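What follows is one structure encoded as structure tokens, with my remarks underneath.
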Ligand code: HDD
């Protein structure tokens, strides 16, 4: 639980404190402050008679309940958020005048909401889907929102197609099936008929779409934005969040099982890591392209289906975000937070990316319906930490009491205030980009290459990653009923890689294309492969399978694992304490019934001399499942024997040993490795 007595950690927290209500130990009242004498029985005409209309308490309580729900977000409905802070490593003065990026060491409060895109508010979190990664910086110059995803490109190039994309990916309208999944005809029909999606669909079918944790995914601003410095000089910028724990994923079979075993797997992981003090950290990176270099690339930097390969435009790390506080109330904060890519501060500006331009309209519009009117900026979570004054007035749920008779500009009665600010005073001025063009509904020719970067992505994948992509396409298309849709997608894949297209075609029963039809692209970008990511043991969850008569030294290994930053969870047949040899005792955290291998990163088998047949059976199932998901497996004492008896088809990632000295180094290395793709499974 949060410690209320703690000093307020930053300016946002201090502001939120004004709105917190602590109801424990208080007297119950109506919303009018009237103390209540009874809250269980409605007011009736006689003990067995009808309820009376005059029962204001019943009416108030019931009416409020009847109105408790608000519309869920049209996309990104399923999300989870946390508070934190962003600290700048080095001044970005050279590129931007944004105040929160000027001084090394400066800290800015942030609120981050992670989400899936397609599913409803209650859907499983392990859907194969893009993840939203939206950050609100509460800066001294107003709120700056970086509303990104965990994939650096997007499906479409122009915002006018967003409703089509979303209609296609949401459950089909005639039967509202399937929930939180793109494995259905309309989505793939959209992809095949809107081939600008080729690059993004490769990412969406890659391991990126089934992250192990919100803490282990990258975030991207996607669009090209503009930095403007004090001298008015502009440069193009792309934003990256890099997780300190590296980028890691689960496997598809595991994801599907997780959705059943624990549909809250990602939020629980985030919530618990923050409660445990293992604060998730992401470094902020920027890629910069000078204005004069706008046309030096073989792609259009305004095209949101293109990334800037890190090997061509390096990512410069400029700061770090630490998520260090869970919300007090999910509805008040996570649900009511309103992001908007148009929330910018001086020094950050837009470009003419047509997807970004459309987003600049959509977000305010959606909040108006979702949050019920134009005053959502007054909700505590959305309030800037700096003062805000203007002549906007009234509307549903207005909270501010604007004092005085004047609510217009210009005026003389209030000395023409609130007054505007000059640029020097911090007034926002739009970058004076020269625009010269005809009014036209068209796509720029420079946006027409849909396949080069899809190929670059494919070329950059390791073999296991390529296999996962093939399986993902085969699964998703395999769920499409219309053969023509499957065929069209496979034909589209022939523009990316022939082997990919042919294998998928065979798997989904359509004609394999005979020729490669895309551009000749041979380069790759190693930064895109998860094989090259950071590999660490920190906070990895280990299922420790332990039974009656366990070796008394087991506790030493478990403690050592804990000291190495992993999170061992003791699992046995029954809850309570179990007896080891020579008087040793251990407390069981979970049972085979309440737990499952998919909830863990690794299994460590200890066993015992007095275990039952049931224990052996349950442990065998647990181990085999972890094994088939390529997870590292450790074993000591009787556990090693149990493992031998299973005759697993491969030794890759299987570490045995009885003492911390002969075992831990190799085992923790295996845990950091995450998965052993070279393992031959069943
Ligand atoms: Fe969007 C929500 C990210 C394109 C319209 N979007 C939303 C959220 C994220 C993104 C992370 C959830 C924010 C939260 O947690 O509350 N969206 C993106 C990215 C895009 C993108 C990275 C492409 C680069 N979005 C996009 C387009 C449009 C929208 C082209 C419409 C023109 N997005 C919305 C929305 C949502 C939204 C309908 C739903 C809920 C909300 O805004 O607050 O307005």
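Below is a table of values for the structure above.
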quantity: Fewest-first ranking of 113, 581, 20, 73, using other Cβ atoms within 10 Å as the exposure measure; calculated: 20, 581, 73, 113
quantity: Length added when fully stretched, residue 40-residue 160, from 0.36 nm per residue minus Cα-Cα; calculated: 37.9 nm
quantity: Sequence ranges 417-430, 507-520, ranked by mean other-Cβ count within 10 angstrom, highest first; calculated: 507-520, 417-430
quantity: Residue-averaged [θ]222 nm for the chain, counting only DSSP H segments that reach four residues, each worth -39500 (n - 2.57); calculated: -8000 deg cm²/dmol
quantity: Cβ-based exposure ranking for 226, 69, in which fewest neighbours within 10 Å come first; calculated: 69, 226
quantity: Beta bridges per DSSP with both ends in the chain, % antiparallel, nearest 5; calculated: 75 percent
quantity: Alpha-carbon spread of the chain, three principal axes, descending order, Å; calculated: 90, 81, 56
quantity: For the stretch 385-484, fraction of C-alpha pairs farther apart than 17 Å, in %; calculated: 79 percent
quantity: Extension gain from residue 577 to residue 331, taking 0.36 nm per residue of separation minus the Cα-Cα distance; calculated: 84.7 nm
quantity: Relative contact order (%) - criterion: Cα under 8 Å, at least six apart; region: the stretch 79-382; calculated: 24 percent
quantity: In nm, spacing of pseudo-spin labels at residue 183 and residue 275 (7 Å Cα→C-beta vector); calculated: 3.2 nm
quantity: Length gained when the stretch residue 27-residue 72 is fully extended (0.36 nm per residue, less Cα-Cα span); calculated: 12.9 nm
quantity: Isotropically averaged projected area of the stretch 79-382, using the convex hull of Cα atoms (one quarter of hull area), nm²; calculated: 15.8 nm²
quantity: Proportion of all alpha-carbon pairs of the stretch 62-218 beyond 24 Å (%); calculated: 46 percent
quantity: Label-reachable residues, the stretch 246-261, where backbone N falls under 20 Å from a point 7 Å from residue 589's Cα toward its Cβ; calculated: 250, 258-259, 261
quantity: Compactness of the stretch 498-566 - radius of gyration and Dmax, Cα, Å; calculated: 23.9, 64
quantity: Sequence ranges 128-137, 396-405, ranked by mean other-Cβ count within 10 angstrom, highest first; calculated: 128-137, 396-405
quantity: Relative contact order, percent, the chain [alpha-carbon distance under 8 Å, six or more residues apart]; calculated: 12 percent
quantity: Debye-sum result for the stretch 453-531 in log10 I(q)/I(0), which assumes one identical scatterer on each alpha carbon, at q = 0.15, 0.19, 0.25 Å⁻¹; calculated: -0.50, -0.77, -1.15
quantity: Residues 359, 540, 370, 441 arranged by fewest to most Cβ contacts within 10 Å; calculated: 441, 370, 359, 540
quantity: Protection-proxy order for peptides 87-100, 170-183, each taking the mean of Cβ atoms within 10 Å per residue, highest first; calculated: 87-100, 170-183
quantity: Average Cα contact separation per residue, the stretch 453-531, under 8 Å, 6 or more apart, as relative contact order %; calculated: 41 percent
quantity: Considering only the stretch 535-673, percent of DSSP beta bridges that pair antiparallel, nearest 5; calculated: 15 percent
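Coordinate-derived values only; no laboratory data. On a predicted model such as this, the values are computed, not experimentally measured, just so you know. Counting neighbours? That spans all protein chains shown, and the Cβs are built from the backbone with ideal geometry, glycine included.
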